[in-house]
Amino acid sequence: MQHPEPEISGLRGMGPEPLEDAFTPAGLAQALAKRTAPLKSTLLDQRVVAGLGNIYVDESLFVARLHPQRRANTLTGQETIALHGAIRQVLGDGLAHGGTTFSSFANLGGDKGNYLAAAWVFRRTGQPCRVCQTPIARIRLGGRSTHFCPNCQPL
Ligand SMILES: [Zn+2]
């Protein structure tokens, strides 16, 4: 009796890490196209992007000017490219600000380093948006605290 070799990708089941070369706008577009969930929940899904924590998702969506409740499969090509770039930018900034704290960005339970002082939206509920002065809003989405600017990130 023969046992078929399991596929490596099936075993792994994880999306690429955001700073890897394997994380591309085309790959991201493909993953988003299959999902009708809100962007916030989709980006926290390890099968889409590996290791993107709550802070980074909120910050990336702000930089890309996308509402967290936007359905993943409704993004245009330009919006997907913006989101891809935003994720890389925010992760790069986090690593620069927080040093080793952010080298393991999958686990952000403890010290948030210096990054929060510079955050666009994360944990800034009610404070003025750094771009337009609109108070930052906070909602629960997929069980996670979600921060965004209602003006910069229209639904
Ligand atoms: Zn704003």
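No value in this document is a laboratory result; all are computed from the given coordinates. Computed from a predicted model, the values in this text were never measured in an experiment. Cβ sites come from the backbone with ideal geometry, for glycine too, and all protein chains shown count toward neighbours.
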Please state the shape class of the stretch 115-155: rounded when a/c is under 1.5, otherwise prolate if a/b exceeds b/c and oblate if not, all from the C-alpha gyration tensor. oblate
Going by average Cβ density within 10 Å per residue, which order do the peptides 66-79, 121-134 take, highest to lowest? 66-79, 121-134
Local charge sum around Ala82 (other residues, Cβ-Cβ under 14 Å, Lys/Arg +1, Asp/Glu -1)? +1
Net charge of neighbours whose Cβ lies under 13 Å from the Cβ of Arg140, counting Lys and Arg as +1 and Asp and Glu as -1: +2
